[in-house]
């Protein structure tokens, strides 16, 4: 059963990397963006639910599960306002949640690459340092893209 969960998680993760890239790069607000965004949201649910079901590393709930919960919170923060559109700032909330979810899957993927593949070629300290550095870099990339998208959105409102 654990192998099925792992394969599901890996498959969904690859789909998450692809759909997140498409959603971030494609024109916003189009039907294509919305449909791809819904696929991304479903894939992210699968990624996070499967992540919460994996305990092979420590045999119990661990720090990696916290990232899955944060990712789910970011996804919910981004999707609910877009689905409801019942507040004046729904778009701003949608942007911040979805940029976090989309780039979060990339940060997780790169950290996974570092800890699973590169650890055989690096010292444990360097492996952990690189994984943490990836997280910090992606935090600032997420912040930058949020500011960029929100400024762009605000410029459309004023013109």
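The values are calculated or read from the model by the stated rules, or taken from the named source; none is laboratory data. Given the structure is predicted, the values throughout are model-derived calculations rather than measurements. Methodologically, a virtual Cβ is constructed for each residue, glycine included, from the backbone with ideal geometry; neighbour enumeration extends over all protein chains shown.
Considering (1) at pLDDT 90 or above; (2) closer than 18 Å to residue 116 by Cα; (3) in contact with a helix residue (DSSP H, G or I) (Cβ under 6 Å, 6 or more places away or on another chain), say which one residue 11 fails and leave the rest.
Among (1) at pLDDT 90 or above; (2) closer than 18 Å to residue 116 by Cα; (3) in contact with a helix residue (DSSP H, G or I) (Cβ under 6 Å, 6 or more places away or on another chain), residue 11 violates only (3).
Among the listed residues 72, 4, 24, 45, identify the single one that is out of contact with any helix residue (DSSP H, G or I) (no Cβ under 9 Å at 6 or more places or on another chain) and over 24 Å from residue 129 (Cα atoms).
Testing whether each residue is out of contact with any helix residue (DSSP H, G or I) (no Cβ under 9 Å at 6 or more places or on another chain) and over 24 Å from residue 129 (Cα atoms) leaves just 4.
So if I check each of 130, 91, 64, 126, which one is touching a residue at least 60 places away in the same chain (Cβ under 8 Å), more than 14 Å from residue 16 (Cβ to Cβ) and in a helix (DSSP H, G or I)?
91
On the basis of being modelled with pLDDT of 90 or more, surrounded by fewer than 19 Cβ atoms within 10 Å (Cβ to Cβ) and under 22 Å from residue 143 (Cα atoms), does residue 17 make the cut?
yes
Between a residue in segment 17-36 that is closer than 21 Å to residue 113 by Cβ and any residue that is modelled with pLDDT of 95 or more, which pairs come within a Cβ distance under 7 Å, given they are 6 or more apart or on different chains?
That search, which allows pairs on different chains as well, returns 19/36; 19/39; 19/40; 19/43; 20/40; 22/36.
If I ask for residues that are crowded, with 22+ Cβ neighbours inside 10 Å and more than 18 Å from residue 28 (Cα to Cα), which ones from segment 82-106 would you list?
104, 105
I'd like to know if segment 133-155 contains one or more residues that are touching a helix residue (DSSP H, G or I) at 6+ places or on another chain (Cβ under 7 Å), surrounded by 18 or more Cβ atoms within 10 Å (Cβ to Cβ), closer than 22 Å to residue 51 by Cα and at pLDDT 85 or above.
Checked against the condition, which is being touching a helix residue (DSSP H, G or I) at 6+ places or on another chain (Cβ under 7 Å), surrounded by 18 or more Cβ atoms within 10 Å (Cβ to Cβ), closer than 22 Å to residue 51 by Cα and at pLDDT 85 or above, segment 133-155 yields no hits at all.
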